[in-house]
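This report refers to the structure that appears directly beneath it.
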Amino acid sequence: MNNLETKYGWLSAPQAYVSLKHEVDKVIVFERAGVLFIFNFHPTQSFSDYRVGVEESGEYSVVLSSDEKEFGGHERVDTSITHFTTPMEWNNRKNFLQVYIPNRTCLVLAKH
């Protein structure tokens, strides 16, 4: 996490934009410093092809997954996948991408 903060500098960036706070799904999504943070706090429900709004179009990759073995996770996220945006407004953002978010995980995606 510290290495990623050094690379992207989100702590010193302007205020984050929270694009989603879904009470039922227990998902929170926000963008800060061009990095996309996705949290799934649901105790049992994972989501495949979950739509997440992003402002900038392009290709995004997972740069951190709390589901990695080194963090005590189950390695359910394929970090080699490139996520492409679709130019359609979603959650007040100009584009969206679709991502698998396992229960009780955090994903951090960055644009290529």
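Each reported figure results from applying straightforward, stated rules to the coordinates on display, with no laboratory input. These numbers come from a predicted model, not from an experiment. Cβ placement follows ideal geometry from the backbone for every residue including glycine, while neighbour counts extend to all protein chains displayed.
Miscellaneous remarks
- Identity of the residue in the range 98-112, assigned to a strand (DSSP E or B) and free of Cβ contacts under 8 Å to residues at least 60 places away in the same chain, that ends up nearest to residue 19 (Cα to Cα): 98
- Within the range 32-77, restricting attention to residues that are among the acidic types (Asp, Glu) and touching a residue at least 12 places away in the same chain (Cβ under 8 Å), the residue that is surrounded by the fewest Cβ atoms within 10 Å (Cβ to Cβ) is 49.
- Being of a type in the set (Val, Ile, Thr) and either closer than 13 Å to residue 36 by Cα or touching a His at 6+ places or on another chain (Cβ under 9 Å) (or both) is a description that does not apply to residue 77.
- Some residue of the range 41-58 being closer than 20 Å to residue 1 by Cα and assigned to a strand (DSSP E or B): no
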